[in-house]
Amino acid sequence: MRIGIYGGTFDPIHRGHMAAAKAAAQRLALERLLLIPAGVPPHKALSNASAEGMHRLEMTRLAADRLDLSIPVDVLDIELRREGKSYTCETLRTLHEQFPGDELWLLMGTDMFLTLHQWRCPEEILSLARVCAFGRSTEDVKELFPKQKQYLEETYGATVVAMELNPPVEVSSTEIRAALSEGKRPVELDESIYGYILRFGLYGTNKDLKHLSWEDLRACSYSMIRAKRIPHVRGCEEEAVRLAGIWGVDPDLARAAAILHDCTKYWTMEEHKALCETYGIVLDDLEQSAVKLLHSKTGACIAYAVFGMPDSVCRAIYWHTTGKADMTTLEKILYIADYMEPNRNFSGVERLRALVYTDLDAACLLGLEMSIEDLERRGNPVHQNTREARDFLRKEQNNGC
Ligand code: ATP
């Protein structure tokens, strides 16, 4: 198997790193990619404004998920866990033991490639791995690489592939950190990674999370979920705002609720239970074991406690999964927008779409009925609140009879 190994301080990881990793994976036809944030980089001092290792690890995980590669991309904390400087030769020894017989490729940019012979144990490094060097600017590969490639090949018998990035992303983490500390949002930073930085106030960003712009709120929310869920959250926002306009609800409330509604979707059962306990949310028997039912509750808590959302928004998030009897218009809007936003594609969704702009209650009732039928067909339990929501709307539709 061909395995790419891409290490760096990743402080923070940016589009330059991501473009390089992606291009190298394609060029070398890698079958697996390992991203390894350094603990203590041997080649340079960490900046004063540096983020802690665990944050750099988390941001690298976000980047790995957003690379959109068809091969497994793993983020390893082996260098962060190791004491002392993060020497590549030690990392390679470990990986060589873990992947005996596999072809290891070290990926690196210009600055690292040109100094490779000065690293600790270059002969060992170059016997354990091949090198893929990419230019950080257009001139690098043509002007700076040939001499170093020849030197490494002749001196150490290295295998070196030099690669141009088309186009290179000419940015460094140092520049990104400087821009962030001035309150700017660097375009070379992935939206979710920017959101992560805002949430933890890294690199001198000091935004009040309770008064964020829509752009920043989206970035924060997306930093909490997997890349594949983002189109759904965007679609839900678009639909909720459209419905708010039609049904006389403040579109800002609908937008906020939709942006945040799935922010805890990927939490573990333990994380959900811990937060529910903190907020005194008592879980019934079904909720105790159905992790899918809990993100609405914990999402509401986060919307309130972290992002300072008003009660109406938090309640809409709280009820968006099961629904409940006698929902407010905002609650109905989030429930149904989540169910039929433009990315949803299931049999019957067109019926919902035809109904929701003329009769919101009828659309919610149909959505609840479809959802109950689907759960029952699959043999899954149906939460009592969902049945009560359906029964309430049925009664209303029959003028209370
Ligand atoms: P800093 O500015 O903090 O020194 P950096 O931007 O150089 O950081 P590192 O995390 O030190 O980033 O880099 C890790 C690896 O990624 C190195 O091999 C480096 O050459 C490469 N690299 C960094 N930035 C780019 C970029 N814009 N394009 C291509 N490769 C890059």
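The values are calculated or read from the model by the stated rules, or taken from the named source; none is laboratory data. The structure displayed is predicted, hence computed values, not measured ones. We place every Cβ from the backbone using ideal geometry, glycine too, and count neighbours over all the protein chains shown.
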Which of the following residues is surrounded by 13 or more Cβ atoms within 10 Å (Cβ to Cβ) and more than 33 Å from the chain's Cα centre (by Cα): Glu369, Glu341, Glu388, Glu331? Glu388
Any idea which residue in segment 64-98 is nearest to the chain's Cα centre (by Cα), counting only those that are among the aliphatic types (A, V, I, L, M) and in a loop (DSSP other than H, G, I, E, B)? Leu67
Any residue at all in segment 330-345 that is without any contact (Cβ under 8 Å) to a residue 40 or more places away in the chain, closer than 24 Å to Pro251 by Cα and among the acidic types (Asp, Glu)? yes
Among the residues listed as Val306, Val291, Val241, the single one being touching a helix residue (DSSP H, G or I) at 6+ places or on another chain (Cβ under 8 Å), under 23 Å from Gly201 (Cα atoms) and surrounded by fewer than 20 Cβ atoms within 10 Å (Cβ to Cβ): Val306
Within the set of pairs 6+ apart or on separate chains, which have a first residue in segment 173-188 that is more than 15 Å from Asn48 (Cα to Cα), a second that is among the polar types (S, T, N, Q) and surrounded by 13 or more Cβ atoms within 10 Å (Cβ to Cβ), and C-beta atoms under 9 Å apart? Gly183/Thr205
Answer with yes or no whether Val169 is within 12 Å of the ligand (Cβ to nearest atom), under 30 Å from Ala49 (Cβ atoms) and touching a Gly at 6+ places or on another chain (Cβ under 8 Å). yes
So, Gly308, is that one assigned to a loop (DSSP other than H, G, I, E, B) and of a type in the set (Gly, Ala, Ser) or not? yes
Restricting attention to segment 8-21, report how many residues are in contact with a Phe, Trp or Tyr (Cβ under 7 Å, 6 or more places away or on another chain) and more than 6 Å from the ligand (Cβ to nearest atom). 1
Select, from Val141, Val169, Val131, the only residue that is surrounded by 15 or more Cβ atoms within 10 Å (Cβ to Cβ) and without any contact (Cβ under 8 Å) to a residue 24 or more places away in the chain. Val141
Going through Ile36, Ile5 one at a time, which residue ends up being within 13 Å of the ligand (Cβ to nearest atom) and in contact (Cβ under 8 Å) with a residue 60 or more places away in the chain? Ile5
Counting only residues that are modelled with pLDDT under 95 and either within 16 Å of the ligand (Cβ to nearest atom) or part of a helix (DSSP H, G or I) (or both), segment 99-112 contains a total of 4
Of the conditions (1) more than 9 Å from the ligand (Cβ to nearest atom); (2) among the aliphatic types (A, V, I, L, M); (3) at pLDDT 95 or above; (4) assigned to a loop (DSSP other than H, G, I, E, B), Ala45 fails just one. Which one is it? (3)
